[in-house]
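One structure is given here, and the rest of the page talks about it.
The values are calculated or read from the model by the stated rules, or taken from the named source; none is laboratory data. All figures in this text were calculated on a predicted structure; none of them were measured in a lab. Every residue, glycine among them, receives a Cβ derived from its backbone with ideal geometry; neighbour counts consider all protein chains shown. Side chains included, ligands, DNA and RNA excluded: accessible areas come from the protein's heavy atoms. Shrake-Rupley method; radii C 1.70, N 1.55, O 1.52, S 1.80 Å.
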Amino acid sequence: MAEVEGNITIDGPAGAGKSTVARLVAARLNFLYVDTGAMYRALTLKALRAGIEVEDEEAVGELAGNTRIELRGGRVYCDGEDVTESIRAPRVSEAVSLVARSRRVREYMVQLQRALAAGGRVVMDGRDIGSYVLPEARYKFFLTASLQERARRRAAELARQGYRHPDLEAVEAELARRDAMDAGREIAPLVQARDALRIDTTSLAPAEVVERILRIIQEG
Ligand code: DC
């Protein structure tokens, strides 16, 4: 494969397959994979443990300033503790969109994300990466899938992680609520960047999405 330079952004709603695809694309290109959702989740976990009201934008903003979030070797660390598994807990998923509304939280995360991407050769996934965090990125993708399919994937993932098999309708409602909050927030909402390529993954396996993305990148 010819040498690829620059950064790659992959945005989209929850359950569209972003992290699976982004991780595989990064591995194939030998790029660094940055899961920005994990960063918001790590701070949310810390806030919940500390008993901080996640709706209190000031309080979570202040917490962000006193928190060290790192992504190393495919793991997520919060103040030095490996939180890779615990940030996937349903209570974190339920609260994370509220934490991600805070201006100070976003400023803190975006600064970290831009620093990680400064050297290039990064695949970064999230909600606002192509539109706001890295507007100059070389390749931009926006993944979508039907709400039903996204809920099915999320439920399967939860079951795999050992959570009691969740009710599909409840997962669907939770995803729809989170999408509405992420797309409706004031600062850097979930939106397709004008120059991003949209891929509907509803009937595609992750490997097919990866191949499509790699082909587009190869074609320049
Ligand atoms: O991708 P995920 O489900 O792990 O993301 C968790 C939440 O974090 C998502 O509901 C909204 C927020 N988020 C964000 O606001 N901006 C990003 N770039 C990534 C995630």
Open item on the list: Loop-only chymotrypsin sites (Phe, Trp or Tyr not before Pro) in the stretch 1-53, please: DSSP not H, G, I, E or B, and at most 15 other Cβ atoms within 10 Å.
Closed with: none
Task: Whole-Å distance, taken between Cα centres, linking the stretch 131-177 and the stretch 105-130 - done: 20 Å
TODO: With no solvent and one equal point scatterer placed on each C-alpha of the stretch 72-116, evaluate the Debye formula and give log10 I(q)/I(0) for q = 0.14, 0.30 Å⁻¹, two decimals.
DONE: -0.42, -1.09
TODO: Determine the share of the chain's accessible area contributed by carbon and sulfur atoms, expressed in whole percent, with a 1.4 angstrom probe.
DONE: 49 percent
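Antiparallel DSSP bridges in the chain: what percent, to the nearest 5?
Roughly 25 percent of the beta bridges in the chain run antiparallel, per DSSP.
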TODO: Can you give me the span-like helices of the chain, meaning DSSP H runs with 15 Å or more of Cα extent along the axis and Kyte-Doolittle mean at or above -0.5?
DONE: 18-29, 36-49, 168-184, 206-219
Task: Largest-first principal axis extents, alpha carbons of the stretch 10-159, Å - done: 40, 37, 27
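What does the convex hull of the Cα atoms of the stretch 85-220 come to per residue, in Å³, rounded to a whole number?
128 Å³
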